[in-house]
1. What are the equivalent ellipsoid semi-axes of segment 15-80, built from the alpha-carbon gyration tensor (square roots of five times its eigenvalues), in whole angstrom, biggest first?
2. May I ask you to sort S13, S62 by Cβ crowding, counting other Cβ atoms within 10 Å and putting the fewest first?
3. What does the net charge come to around K11 if you take all other residues with beta carbon closer than 9 Å to its beta carbon, with K and R at +1 and D and E at -1?
4. Using a 7 Å offset from the Cα along the Cα-to-Cβ direction at both K11 and N56, what is the distance between the two label points in nm, to one decimal?
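Here, each number is a calculation from the coordinates, and none is a lab measurement. All values derive from a computational prediction rather than experimental measurement. Please note: Cβ atoms are built from the backbone with ideal geometry, for glycine as well, and neighbour counts cover all protein chains shown.
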Amino acid sequence: MYSKIQPPTKKISKESVKVWRMTEAITNLIILAVLGILLFVDDYFTWKEWIGWILNGLIVLSFFHAIWSIFIEPILLQKYWRYDVNEEFIQTKRGAWSGNQRPNCTSHKNRQTRFSSSLSTV
């Protein structure tokens with residue numbers, strides 16, 4: 001019933017790592033700014049002590065998340081993501097585990113999208 005689908009082989013561009021890093025840096029700066037403002041408001045209005053502890057904990061967690069999402073995750077995503085495009089399927093493969101898994105496939109044959117119409121001209 002199913003035809004043999006070859007796993008995707010095209011790698012994500014190395015330029016995407018720069019874009020992912022910039023996006024994550026901006027996102028983490030906004031999150032840290034909001035948490036910093038909340039910490040200032042906590043000190044200014046002398047909210048309950050546990051609120052300050054929670055805000056400090058969130059700042060520490062945000063710091064570790066920023067290290068992961070800016071420096072480590074984009075490299076791993078670029079290294080292990082694969083994709084392939086043909087007239088019938090858009091295939092993506094994410095992750096480092098190699099097993100007997102079928103790649104994620106999306107058929108756009110029955111959908112009228114801008115991507116599928118431009119794909120037929122390629």
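1. Working: eigenvalues 193, 26, 5 Å².
The equivalent ellipsoid of segment 15-80 has semi-axes of 31, 11, 5 Å.
2. On the way: S13 10, S62 16.
Going from sparsest to densest Cβ surroundings: S13, S62.
3. Numbers: positive: K10, K14, K79, R82; negative: none.
Every neighbour counted, the sum reads +4.
4. My value for the distance between the label points is 4.5 nm.
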